[in-house]
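Please read the structure below before turning to the comments.
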């Protein structure tokens, strides 16, 4: 098979765990990436039927932007973001995320961020409603920052919007 062609008749193996460890070490961290784990899973049953829930999306993609680095060449800081669901973007910024760009793409927003389907579900009564905002969770390879700073901020924003359920759509 010629280089660059994908054999779609057979599965290909992508070792995301190994790739993440290598990336983590290449970024100057002194020890391999430790995957998050919880003895108790921090999820709960829905308080009402899905057809009555206000739902939001939480993604690891960023709002659209032109550059991923500052004028000095440093990576742009990532922060929790919130954008209106009523006017979803045509695309989200994903170029700085680690995913298999040879096997897939993010050209089709609905393939990894199903906001239009959720709008249809809300219109048809399959879900109660779609929250006024969706949220972006930064990916900085810091569990501490995610647990102590970003996740509580997203939870705060979800509570502001009266959200009862969140669909997590990471890349």
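The values are calculated or read from the model by the stated rules, or taken from the named source; none is laboratory data. In this text, all values refer to a predicted model and were calculated from it rather than measured experimentally. We place every Cβ from the backbone using ideal geometry, glycine too, and count neighbours over all the protein chains shown.
Numbers for the structure displayed
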read-out	value
Residue list for region 97-126, filter: under 25 Å from residue 150 (Cβ atoms), part of a loop (DSSP other than H, G, I, E, B) and in contact (Cβ under 8 Å) with a residue 40 or more places away in the chain	97, 98, 99, 100, 106, 113, 114
All positions within region 17-35 that are under 17 Å from residue 97 (Cβ atoms) and touching a residue at least 60 places away in the same chain (Cβ under 8 Å)	19, 20, 23, 24, 27, 33
Residue identified as part of a loop (DSSP other than H, G, I, E, B), at pLDDT below 80 and either within 25 Å of residue 148 (Cβ to Cβ) or under 21 Å from the mean Cα position of the chain (by Cα) (or both) among 2, 36	36
Residues within region 95-118 that are within 30 Å of residue 54 (Cβ to Cβ) and either touching a strand residue (DSSP E or B) at 6+ places or on another chain (Cβ under 7 Å) or modelled with pLDDT of 80 or more (or both), tallied	13
Residue that is surrounded by the fewest Cβ atoms within 10 Å (Cβ to Cβ) [pool: residues in region 62-81 that are at pLDDT below 85 and closer than 18 Å to residue 169 by Cα]	64
